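Q: Here it is, the structure, as C-alpha cells.
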Amino acid sequence: MAGPRTLADKVWESHVVRSADGEPDLLFIDLHLVHEVTSPQAFDGLRMAGRGVRRADLTVATADHNVPTIDVDKPVADPISKRQLEVLAQNCEEFGIVCYPMGHANQGIVHVIGPELGLSQPGMTIVCGDSHTSTHGALGALAFGIGTSEVEHVLATQTLPQMRPSTMAVTVEGALPAGVTAKDVVLAVIGRIGTGGGMGHVIEYRGSAISSLSMEGRMTVCNMSIEGGARAGMVAPDDTTFAYLEGRQHAPKGKAWEEALDNWRALPTDQDAIFDKEVFLDAADLVPHVTWGTNPAQVVPIDGAVPDPDSFAEPAERESAARALAYMGLEAGTAMRDIQVDTVFIGSCTNSRIEDLRAAASVAEGQHVLAGVRALVVPGSHRVKAQAESEGLDAIFLAAGFEWREPGCSMCLAMNPDKLSPGERAASTSNRNFEGRQGRGGRTHLVSPAIAAATAILGRFGVPAELPR
Amino acid sequence: MKPVRVVSGTAVPLDRSDVDTDQIIPSDWLKRVERTGFGAGLFAEWRDDRDFVLNREEFAGATILVAGPNFGTGSSREHAVWALLDYGFEAVISTRFGDIFSNNCTKQGLLPVKVEPEVARALLDAVTDDPTLEITIDVERGTVEAPKAGVRGTFPLDEFTRTRLVNGWDDIGLTLRHEERIAAYEATRPAWLPSSTA
C-alpha cells in the first residue's frame, strides 16, 4: 500500500470486495443491526424478489424504537406499533435472524446493545437502518446509517456499493475542564462545523481529550457525528477499547483474542497520514453546552443567552434562527439559565449507558426534582438497567423524584407513548432538537446527563455546582 | 425502479434551510410496515398551516421541490423519500443534501439535484414569482433549466448512479452479478470476527 493511511482508509480498504473505475466500491459488511422501523419494507422486498438473507449469522435484530417503557408486561397499546413489533419477530423467524424482542435480557437500543454484547469491534464495517449507527465508530469500526433499500441490499448480499467518503480530523487537545463531558465536546464540535460541515466525510476524533474519554464517552461523541452531517465518526482503538471489549459475550477469547489484538493495534492512523479536512478545538476552552434552536448546531454555552437572529452573517442562518426562536417560544437575549423546563429526559443512544446514568445519579443523590417537573430516566438496554440497579442507581433516582423506566428509544423520537405535548419544554440528553422530534409542538434543548439532572432539580437550566449541598 | 431520464414540470418553492427528515415525515408515520401511502404524511406538521406553500393552489400538480440549503439531514428514514414520491415529486433541488437521504433518493428514482447557491436562489425566486414556471432536469446531461426565467445550472451525479437511474437498474441485481467475488472475500475473513449466532 502506498503512503500513510488513516484509520478510515484502513478499514475501508480491508473490506473492498470489488472496485472498478467510475463505480462505487463494493464493501463487505461485517455486522448488520436491524430494528423494527426501517426493516419491514426491506424484508418485503426480499420476499417479492424471492431472495434470502445471505448471512443471518452477521445480522442481529432488536426492538427499540416503538417499545413502551412502562407496563411492558401488558400488550402494546398502540395497534400500529404492536403490528410493527410483531412483524419484526415474524421476519426474523422466517429468515433465521437472531432477534432480541421486548423483555429479552439482551434487548435494548440497537446502538447500546451492539457494543455491550461485544458484537461491535475495531476494524469492522457495521451498518444499520438508523443514522446513529455512527455510535459504533467509537470502537474503531467504520459504522454508518443506511436507508431501507440499503438494508434490503445488505440482507440479500452482505455487501453495499459505496462511494468512498472524504476524511476529516476533529482534534481536541488538552484536558477537559471539570464538569465538561463528552456531550459538551460533540455539541461544541457541531456548533463549530454546522449541520452540514461533515457531509461526505468520515470524522476521526483525535487528540488527548478524546483518548482520555471512556468508551461510553467516545460513543456519545461518535453518535452525534451525523448531526454535523458526517455519516460516520471514529476513534482509534487503544487500551481503553480493548479493556472495554475483553470478556464480552461476542468478543474473541483465548488465542483468537491475541490475534484480534494484533490486528486492532495496526488500525490507528499512520503518522503523516493526510485528512481532507481538519478542525482543532482546545479542550481548555470547552464548557457545558445547551441548544437553543431546532437543529443541534444552534447551541450555546450554558452561561450564554439565546442569540439575536440578526447576529448571524448568513441570510439563511438569520432566517433559520428567527424561525427557531418562534417555534421554541424564546426571546433573543434570554439567559439560558432563566429558561424553565417542564420535562427532563435522560436516555437515548447518545446518553443512556451506565456511565451516563452514574453521572446523572451522582447529581440527583440527596436532591429532589422540582415540583411540577416530569423527569424520566430510560436506560439504554436491559443490561444497563440491571447494572444500574445492582449499583442502587434506580433507588437514587426514585428517591429524587425521577421515574425509572424500561429500556428503549423512548422520548428521543416519541414513537412510543413517551412524548412532549405542544409547547412543552424539555431538557433532553438525546441527539436531535428538531421541530416535533419529541412530540408535535414539543420544544427540545439538548444537554449532557449531568446538566439534565441538575436542570430537573432546579426546574431551569443549570449546572450541578448550583445545587444546594 | 422506473428509469429516470428527464424530469420536467412546475415546482414548489420551500425556502427553508436545514429541512431534516423528521420534518419531511414525522416519526408517527414510521410505525407503518407498508411502503405506500406516505404522501399524506409529507411535511405533516407544516401542512396544518393553511398558508404553507404545499397548501397553496397555485402550486398544485408540481413535480419538483426547490428547497433551501441542507435538505434531508438527520434520520436515515427512507420514508422521507417514499413520502416525496408518493406526493408526486420526482426531483428535489437544493445546494446540499444529507448523505443518507441522497443515497435513499437514487435507490428509489427520486432525483437529488445539487446545484450552486446562485442557481438555487434564482430558481426559488423565479418559482415564487411564477408558479407556472416549467423546469426541466436532464439526468444524462446533468442540467437544470428554466428557460422562461433564464436560469440554467448543472448538477453532479457519478457515472454509475447516472447509468443506474437512466436504465432503472436494480442495485441488488447488479451486486449479485459479483456473487463469486463476495464468496471469495468471505473465505478470507479472519475466524475471530464475531457472529450473532455463535
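Q: Return the residue satisfying two criteria in turn: it lies in region A:43-80 and is buried (at least 22 other Cβ atoms within 10 Å of the Cβ) and outside any loop (DSSP other than H, G, I, E, B), and of such residues it is farthest from the other protein chains (Cβ to nearest Cβ).
A: Ranking the candidates gives A:THR62 first.
Q: Give region B:123-141 a look and list any residue that's within 12 Å of another protein chain (Cβ to nearest Cβ) and out of contact with any strand residue (DSSP E or B) (no Cβ under 9 Å at 6 or more places or on another chain), or say none.
A: Matches in region B:123-141: none.
Q: Right, A:VAL127: among the hydrophobic types (A, V, I, L, M, F, W, C) and within 11 Å of chain B (Cβ to nearest Cβ) or not?
A: It is true that A:VAL127 is among the hydrophobic types (A, V, I, L, M, F, W, C) and within 11 Å of chain B (Cβ to nearest Cβ).
Q: Here is a further query. Given the condition at positive phi and in contact (Cβ under 8 Å) with a residue 60 or more places away in the chain, answer yes or no: does some residue in region A:204-215 qualify? Walk me through it before giving the result.
A: First, pick out the residues of region A:204-215 that are at positive phi: A:207.
Next, from what is left, pick out any that are in contact (Cβ under 8 Å) with a residue 60 or more places away in the chain: A:207.
For region A:204-215, residues at positive phi and in contact (Cβ under 8 Å) with a residue 60 or more places away in the chain: present.
Q: I've got another one for you. Tally the residues that are assigned to a loop (DSSP other than H, G, I, E, B) and either small (Gly, Ala, Ser) or at pLDDT below 95 (or both), restricting the search to region A:237-266.
A: From region A:237-266, those assigned to a loop (DSSP other than H, G, I, E, B) are A:237-238, A:246-253, A:266; that's our starting set.
From the residues that got through so far, the ones that are either small (Gly, Ala, Ser) or at pLDDT below 95 (or both) too are A:247, A:251, A:266.
So the count comes out to 3.
Q: Right, here's the next one. Could you look through region B:152-179, keep only residues that are closer than 26 Å to A:CYS92 by Cα and of a type in the set (Asp, Glu), and pick out the one that is surrounded by the fewest Cβ atoms within 10 Å (Cβ to Cβ)?
A: B:GLU179
Q: Pairs please, first residue from region A:223-236 and over 9 Å from A:ALA141 (Cα atoms), second anywhere and crowded, with 24+ Cβ neighbours inside 10 Å and acidic (Asp, Glu), Cβ atoms under 6 Å, 6+ apart in sequence or on different chains.
A: A:ARG231/B:ASP99
Q: Regarding A:GLY333, is this residue in contact with a Gly (Cβ under 8 Å, 6 or more places away or on another chain), in contact (Cβ under 8 Å) with a residue 24 or more places away in the chain and among the small types (Gly, Ala, Ser)?
A: On the way: in contact with a Gly (Cβ under 8 Å, 6 or more places away or on another chain): no; in contact (Cβ under 8 Å) with a residue 24 or more places away in the chain: yes; among the small types (Gly, Ala, Ser): yes.
No, not satisfied.
Q: Sticking with this one: All but one of (1) touching a residue at least 40 places away in the same chain (Cβ under 8 Å); (2) more than 10 Å from every other protein chain (Cβ to nearest Cβ); (3) under 27 Å from B:ALA40 (Cβ atoms); (4) in contact with a strand residue (DSSP E or B) (Cβ under 9 Å, 6 or more places away or on another chain) hold for B:ALA120; state the number of the condition that does not hold.
A: Among (1) touching a residue at least 40 places away in the same chain (Cβ under 8 Å); (2) more than 10 Å from every other protein chain (Cβ to nearest Cβ); (3) under 27 Å from B:ALA40 (Cβ atoms); (4) in contact with a strand residue (DSSP E or B) (Cβ under 9 Å, 6 or more places away or on another chain), B:ALA120 violates only (3).
Q: Among the residues of region B:152-198, how many are closer than 30 Å to B:PRO112 by Cβ, among the basic types (Lys, Arg) and more than 7 Å from chain A (Cβ to nearest Cβ)?
A: 4
Q: Moving on to the next point. Being touching a residue at least 40 places away in the same chain (Cβ under 8 Å) and not β-branched (Val, Ile, Thr): is that true of A:ALA388 here? Quick ask: steps written out before the conclusion?
A: Details: touching a residue at least 40 places away in the same chain (Cβ under 8 Å): no; not β-branched (Val, Ile, Thr): yes.
It is false that A:ALA388 is touching a residue at least 40 places away in the same chain (Cβ under 8 Å) and not β-branched (Val, Ile, Thr).
Q: Can you tell me which residues in region A:127-179 are surrounded by 24 or more Cβ atoms within 10 Å (Cβ to Cβ) and basic (Lys, Arg)?
A: Within region A:127-179, none qualify.
Q: Continuing with this model, one more query. Among the numbered criteria (1) touching a Phe, Trp or Tyr at 6+ places or on another chain (Cβ under 9 Å); (2) outside any helix (DSSP H, G or I), which one does B:VAL127 miss?
A: (2)
Q: Look at A:ALA232 and say whether it is modelled with pLDDT of 95 or more and within 14 Å of chain B (Cβ to nearest Cβ). Break it down into steps so the answer makes sense when it comes.
A: On the way: modelled with pLDDT of 95 or more: yes; within 14 Å of chain B (Cβ to nearest Cβ): yes.
Against the criterion (modelled with pLDDT of 95 or more and within 14 Å of chain B (Cβ to nearest Cβ)), A:ALA232 qualifies.
Q: Just give me the residues in region B:19-31 being over 20 Å from B:ILE100 (Cβ atoms) and part of a loop (DSSP other than H, G, I, E, B), in sequence order.
A: Residues satisfying the conditions do not exist here.
Q: For region B:56-112, enumerate the residues that are part of a helix (DSSP H, G or I), among the aromatic types (Phe, Trp, Tyr) and at the interface with chain A (Cβ under 9 Å from one of its Cβ atoms). Break it down into steps so the answer makes sense when it comes.
A: Looking only at region B:56-112, we keep the residues that are part of a helix (DSSP H, G or I), and these are B:57-59, B:79-87, B:99-108.
Imposing the further condition that a residue be among the aromatic types (Phe, Trp, Tyr) reduces the set to B:59, B:82, B:87, B:101.
Hits for region B:56-112 are B:TRP82, B:PHE101.
Q: So, one more: Looking at region A:134-163, which of the residues that are among the β-branched types (Val, Ile, Thr) and within 22 Å of A:LEU88 (Cα to Cα) is nearest to the chain's Cα centre (by Cα)? Working first, answer last.
A: First, pick out the residues of region A:134-163 that are among the β-branched types (Val, Ile, Thr): A:135, A:146, A:148, A:151, A:154, A:157, A:159.
Right, trim to within 22 Å of A:LEU88 (Cα to Cα) and you get A:146, A:148, A:151, A:154, A:157, A:159.
Working: A:ILE146: 15, A:THR148: 19, A:VAL151: 19, A:VAL154: 22, A:THR157: 27, A:THR159: 24 Å.
By that ranking, first place goes to A:ILE146.
Q: Please go through region B:23-55 and pick out each residue that is at the interface with chain A (Cβ under 8 Å from one of its Cβ atoms) and farther than 17 Å from B:CYS105 by Cβ.
A: From region B:23-55, those at the interface with chain A (Cβ under 8 Å from one of its Cβ atoms) are B:23, B:26-28, B:30-35, B:45; that's our starting set.
Listed by number, the residues that qualify are B:PRO26, B:SER27, B:ASP28, B:LEU30, B:LYS31, B:ARG32, B:VAL33, B:GLU34, B:GLU45.
Q: Also, quick follow-up: Scan region A:273-293 and give yes if some residue there is buried (at least 18 other Cβ atoms within 10 Å of the Cβ) and more than 25 Å from the chain's Cα centre (by Cα), otherwise no.
A: Within region A:273-293, one or more residues are buried (at least 18 other Cβ atoms within 10 Å of the Cβ) and more than 25 Å from the chain's Cα centre (by Cα).
Q: The conditions are (1) part of a loop (DSSP other than H, G, I, E, B); (2) touching a Gly at 6+ places or on another chain (Cβ under 9 Å); (3) not aliphatic (A, V, I, L, M), and A:THR269 fails exactly one of them. Which is it?
A: For A:THR269, the failing item is (2).
Q: Right, something else. Being surrounded by fewer than 22 Cβ atoms within 10 Å (Cβ to Cβ) and at pLDDT below 95 is true for just one of A:ARG425, A:ARG460, A:ARG469. Which residue is that? Before the answer, list the steps.
A: Working: A:ARG425 fails: at pLDDT below 95; A:ARG460 fails: at pLDDT below 95.
Answer to the check: A:ARG469.
Q: Can you pull out every residue in region A:106-138 that is assigned to a loop (DSSP other than H, G, I, E, B), in contact with a strand residue (DSSP E or B) (Cβ under 6 Å, 6 or more places away or on another chain) and β-branched (Val, Ile, Thr)?
A: none
The values are calculated or read from the model by the stated rules, or taken from the named source; none is laboratory data. Quick caveat: nothing in here was measured; it's all calculated off a predicted structure. All Cβ positions, even for glycine, are placed from backbone atoms using ideal geometry, and neighbour counts span all protein chains on display.
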